[in-house]
Amino acid sequence: MIRAIASLVLVMVTAVPVSDLDAEPDMWDSQEVIVVGEIIGDFSARGEVVWFQLNDDAYAATPLPEGPGLQGTNTGIGVRIPRSEWSETWGEPGRYGRRGPIVEVTGTFLHNSPADQGETFIDGSQARLVEAARPIANPPASAFRAIAGLVMALLGIGLYNYGRRPRYRRRV
Amino acid sequence: MLLKPTLDDARRIAVDLGRILAVVAGAGLIPLAWAIALGEWKPAADLILMIGVAGALAGIAEMWRPKTNTQPVWGHGLIVVSLVWLVVPAVGAIPLALSGHYGDLIDAYFDAMSGLTTTGLATIQDLDHLAASTNVWRHSLQFLGGQGIVLAALVFFSASGALSLYEAEGRDQRIFPSVGSTARFIWLVSVVHGILGISALTIDGVVAQGFEWSRALFHGFTIFMAAFDTGGFSPQSTSVGYYHSASFEAVVAVLMLAGALSFGLHHAIWQRRAGLLRNIEVRTFATTVTVTLFVTLTGLAVGGLYTETSPLLRRGFFQLISAHTGTGFATVSSPELARWGGLAFAGMTVAMALGGMSSSTAGGVKALRIGLTVKSVLMTVREALTPSRTVISRTYFQYGRHRLEPDLAGSVMTVSLLYVALYLLGAAVGLAYGYGLAESLFESVSAAAAVGLSVGVVSPDMPVVLQLIMIFQMWIGRLEFIAVFALLGFSLSVVKGR
């Protein structure tokens, strides 16, 4: 595990961080860049291209349940690659309970691209799988919380019905 | 002389509060079903705990019913509503705090308050790995808040004093003589928009974006709730920019605008009532949207961020509608939005401050107040400039002609000024923490007007005092001041009353 994380961190170090692209988009505009990160959310297959969100935040290297804890918000960028560069063997994108595939994308950073109705994204020409998607072991469900909740809910229903009983005497 | 509240007063408040918590418990069943369907067992247990806490509190409150069958008075409604909007976020924050995605309890409460007030500012971390069911709960909070959580309770419970509860929540238009019928109509409008909106977004997700249908439904469901209720939460960290789709943005823009229209206007449109364009509120909203859109687009064009017309119109229109309706969706990143600067930034800030229509899901000063304030000022100027014997008609048109009484003019101006003061309060605290004037004001207006756009001030690392001030801004801004003042008065009477 430590070796895998170390090699992943090494690959990510050689790439351009998305935060740099965000900070100085004009400097990077139309430049060829390499970005490495976790594919998140969904694959959006549109004709001959595939869009996806690539996060290169701390959670890409070390998923939240496996790491040292919370390390800020997500950072990522939209990526578009030719469909021929995409492979089903990468696995499903990252979500709850799954670390998405880590890929290295080589492409052109486009900032407010006029040809793409103002989209800011990486127009990828090559994509290489660094590490396939894998499940993340989330903490187990707390039986105590579930039972406590059920007991309180039942108690609430009982008290509610008891409280709703007629209490006022009608004056004749 | 202040009258000390009796124990029966407290019991009456507790009963109404409890019934609203029962609705919260019921609403928790939706994400719970989602969690069970997806096998998300840890979030399911957290949701059951939240449902249990809300249910138990509701039961205890019902047990504590007053011993005499007294009718609630105005003060009860105001106090109940102001308390509801403090207590429900605390209960609603339980599954958020237990999710492990929040740094501390204040962060979780901040997000729950942001959700319930349909603001959309967020301090959540690693949102992209959050359980779908917890995400659905965040969006359900927005839907409950946007519809008016008290309104939700009125559908299920024929509460006595319903009118005071209804109006205390910042709604001043009754569509039908009965509050219950009005509440049911509002829910009917929302359900119809829900069916159409979720269908349109899901179809766009499958056809235009190539999503799996189940994921398209998830995105459609969550984005609809945040768009129609002008909330602004998103299931992904990059908001609506995640979808890279102009058609998706167009559907979302329509839903945002529909959410910012008053439910009275929805009813009038359904009835095909004539003369709607003569309404002062419709005219004011159309005018402010047009003017702020023009200012924002001009600023963007001058700033040179978008060199072609199509991107300029797409980005500018979506962001402006998102700001003016108080939704807070973004198709550009926070650093990019901060770079807009100058005129575009000013246009966006003013649009956020103005907000949508009254009795809608939007926040801000509201179009009716703006229209009446402008009309009142213009009439006063006319009176000053014309001979003293000239009679000037002080009327306005809003579903019929009404007289603009000095009392009404005074109250709308007072509330408008209170909003300005609230905007300045947050900006001053932001400045005190070393943020720039423009970003402090932008973020303060965004919180107080329940918008949710951010240029980076709101984050998990933000100063706690600023975070608490923003929680206060979201709360008092959503309730439009009066209910909160009533709660303060009630608290004072507990201590000093006789």
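Given the structure, is B:L408 closer than 30 Å to B:S454 by Cβ and not basic (K, R)?
no
Of everything in the range B:414-452, what is part of a helix (DSSP H, G or I), open to solvent by 60 Å² or more (accessible area, probe 1.4 Å) and either more than 20 Å from B:M348 (Cα to Cα) or of a type in the set (F, W, Y) (or both)? Give them in sequence order.
If the condition is that a residue be part of a helix (DSSP H, G or I), open to solvent by 60 Å² or more (accessible area, probe 1.4 Å) and either more than 20 Å from B:M348 (Cα to Cα) or of a type in the set (F, W, Y) (or both), then B:T414, B:A432 are the ones that fit.
Just checking, does the range B:427-447 include any residue being closer than 25 Å to B:G259 by Cβ, in contact (Cβ under 8 Å) with a residue 60 or more places away in the chain and more than 22 Å from the chain's Cα centre (by Cα)?
There is no residue in the range B:427-447 that is closer than 25 Å to B:G259 by Cβ, in contact (Cβ under 8 Å) with a residue 60 or more places away in the chain and more than 22 Å from the chain's Cα centre (by Cα).
Restricting to the range A:23-41, give me the number of residues that are open to solvent by less than 10 Å² (accessible area, probe 1.4 Å) and among the charged types (D, E, K, R).
Residues flagged as open to solvent by less than 10 Å² (accessible area, probe 1.4 Å) and among the charged types (D, E, K, R) within the range A:23-41 amount to 1.
Quickly run through the range A:93-117 and pick out the residues that are touching a residue at least 40 places away in the same chain (Cβ under 8 Å) and surrounded by fewer than 17 Cβ atoms within 10 Å (Cβ to Cβ).
Within the range A:93-117, A:T108 is the sole residue that qualifies.
Just name the residue that is surrounded by the most Cβ atoms within 10 Å (Cβ to Cβ) out of those in the range B:225-264 that are of a type in the set (G, A, S), under 14 Å from B:A200 (Cα atoms) and touching a residue at least 40 places away in the same chain (Cβ under 8 Å).
Looking at the filtered set, the residue picked out is B:A227.
All but one of (1) within 19 Å of B:A208 (Cα to Cα); (2) open to solvent by 20 Å² or more (accessible area, probe 1.4 Å); (3) more than 7 Å from chain B (Cβ to nearest Cβ) hold for A:F52, so report the exception by its number.
(2)
Pull up the range B:276-333, narrow it to residues that are of a type in the set (D, E, K, R) and crowded, with 23+ Cβ neighbours inside 10 Å, then point me to the one that is farthest from the chain's Cα centre (by Cα).
B:R315
Select from the range A:61-105 the residues that are closer than 18 Å to A:A132 by Cα, small (G, A, S) and within 13 Å of the chain's Cα centre (by Cα) and list them in ascending order.
A:A61, A:G94, A:G97, A:G100
Count, please, the residues in the range B:111-148 that happen to be within 14 Å of chain A (Cβ to nearest Cβ) and either of a type outside the set (V, I, T) or farther than 17 Å from B:M474 by Cβ (or both).
So the answer is 17.
Give the residue, chosen from B:G342, B:G347, B:G356, that is closer than 26 Å to B:V458 by Cα and surrounded by fewer than 16 Cβ atoms within 10 Å (Cβ to Cβ).
Being closer than 26 Å to B:V458 by Cα and surrounded by fewer than 16 Cβ atoms within 10 Å (Cβ to Cβ) holds for just one of B:G342, B:G347, B:G356, which is B:G342.
Pick from the range A:118-144 the residues that are among the small types (G, A, S) and more than 14 Å from chain B (Cβ to nearest Cβ): which of them is most open to solvent (accessible area, probe 1.4 Å)?
That would be A:S125.
I'm told B:M462 meets every condition in (1) in contact (Cβ under 8 Å) with a residue 60 or more places away in the chain; (2) more than 30 Å from B:A97 (Cβ to Cβ); (3) not charged (D, E, K, R) except one. Can you identify the failing condition by its number?
For B:M462, the exception is condition (2).
Cβ-Cβ under 8 Å, sequence separation 6+ or interchain: first residue in the range A:153-166 and within 7 Å of chain B (Cβ to nearest Cβ) and surrounded by 12 or more Cβ atoms within 10 Å (Cβ to Cβ), partner part of a loop (DSSP other than H, G, I, E, B) and of a type outside the set (F, W, Y). Which pairs?
A:G163/B:R65
Check B:R394, B:R403 and return the single one that is out of contact with any helix residue (DSSP H, G or I) (no Cβ under 8 Å at 6 or more places or on another chain), basic (K, R), more than 30 Å from B:W340 (Cβ to Cβ) and surrounded by fewer than 19 Cβ atoms within 10 Å (Cβ to Cβ).
That would be B:R403, the only listed residue that is out of contact with any helix residue (DSSP H, G or I) (no Cβ under 8 Å at 6 or more places or on another chain), basic (K, R), more than 30 Å from B:W340 (Cβ to Cβ) and surrounded by fewer than 19 Cβ atoms within 10 Å (Cβ to Cβ).
Yes or no, residue by residue, for (1) within 14 Å of another protein chain (Cβ to nearest Cβ); (2) in contact with an Asp or Glu (Cβ under 6 Å, 6 or more places away or on another chain); (3) part of a loop (DSSP other than H, G, I, E, B); (4) aliphatic (A, V, I, L, M):
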{"residue": "B:L293", "(1), (2), (3), (4)": "no, no, no, yes"}
{"residue": "B:G316", "(1), (2), (3), (4)": "yes, no, no, no"}
{"residue": "B:S322", "(1), (2), (3), (4)": "no, no, no, no"}
{"residue": "B:F329", "(1), (2), (3), (4)": "no, no, yes, no"}
{"residue": "B:A338", "(1), (2), (3), (4)": "yes, no, no, yes"}
{"residue": "B:V350", "(1), (2), (3), (4)": "no, no, no, yes"}
{"residue": "B:L368", "(1), (2), (3), (4)": "no, yes, no, yes"}
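Given the conditions (1) farther than 30 Å from A:E66 by Cβ; (2) away from every other protein chain (no Cβ under 12 Å); (3) open to solvent by less than 50 Å² (accessible area, probe 1.4 Å); (4) in contact (Cβ under 8 Å) with a residue 12 or more places away in the chain, report the number of the one that B:A10 does not fulfil.
(4)
Does the range B:482-498 include one or more residues that are closer than 18 Å to B:I370 by Cα and of a type in the set (K, R)?
No, the range B:482-498 contains no residue that is closer than 18 Å to B:I370 by Cα and of a type in the set (K, R).
Residue check: is A:A148 within 7 Å of chain B (Cβ to nearest Cβ) and over 30 Å from the mean Cα position of the chain (by Cα)?
Spelling it out, A:A148 is indeed within 7 Å of chain B (Cβ to nearest Cβ) and over 30 Å from the mean Cα position of the chain (by Cα).
Do you know which residues across the range B:100-125 are crowded, with 24+ Cβ neighbours inside 10 Å and over 22 Å from the mean Cα position of the chain (by Cα)?
If the condition is that a residue be crowded, with 24+ Cβ neighbours inside 10 Å and over 22 Å from the mean Cα position of the chain (by Cα), then B:Q125 is the only one that fits.
Kindly indicate whether A:P63 is more than 8 Å from chain B (Cβ to nearest Cβ), within 27 Å of B:H219 (Cα to Cα) and either surrounded by 21 or more Cβ atoms within 10 Å (Cβ to Cβ) or at pLDDT 95 or above (or both).
no
Hey, among the residues in the range B:211-224 that are in contact with a Gly (Cβ under 8 Å, 6 or more places away or on another chain) and open to solvent by less than 20 Å² (accessible area, probe 1.4 Å), which one's nearest to the other protein chains (Cβ to nearest Cβ)?
B:F211
Out of the range B:453-468, which residues are open to solvent by less than 10 Å² (accessible area, probe 1.4 Å), within 19 Å of the chain's Cα centre (by Cα) and closer than 22 Å to B:R339 by Cα?
Once the filter is applied, which keeps residues that are open to solvent by less than 10 Å² (accessible area, probe 1.4 Å), within 19 Å of the chain's Cα centre (by Cα) and closer than 22 Å to B:R339 by Cα, the range B:453-468 yields only B:L453.
Restricting attention to the range A:68-80, which residues are within 10 Å of chain B (Cβ to nearest Cβ) and open to solvent by 10 Å² or more (accessible area, probe 1.4 Å)?
A:G69, A:L70, A:Q71, A:G72, A:T73, A:N74, A:T75, A:G76, A:I77, A:R80
Output the residues belonging to the range A:89-125 that are of a type in the set (F, W, Y), within 21 Å of A:I34 (Cβ to Cβ) and in contact with a helix residue (DSSP H, G or I) (Cβ under 9 Å, 6 or more places away or on another chain).
A:F109
Evaluate the range A:103-116: report whether one residue or more is under 13 Å from A:I40 (Cα atoms) and touching a strand residue (DSSP E or B) at 6+ places or on another chain (Cβ under 8 Å).
Yes, the range A:103-116 contains at least one residue that is under 13 Å from A:I40 (Cα atoms) and touching a strand residue (DSSP E or B) at 6+ places or on another chain (Cβ under 8 Å).
Can you name the helices (runs of 4 or more DSSP H) wholly within the range B:22-108 that have at least 3 residues being farther than 22 Å from A:A153 by Cβ and out of contact with any Cys (no Cβ under 6 Å at 6 or more places or on another chain)?
B:74-98
The values are calculated or read from the model by the stated rules, or taken from the named source; none is laboratory data. As the structure is a prediction and not an experimental result, all values here were calculated from the model. Positions of Cβ are backbone-derived with ideal geometry, glycine not excepted, and every protein chain shown enters the neighbour counts. Note: areas computed on protein heavy atoms with side chains; ligands, DNA, RNA excluded. Shrake-Rupley method; radii C 1.70, N 1.55, O 1.52, S 1.80 Å.
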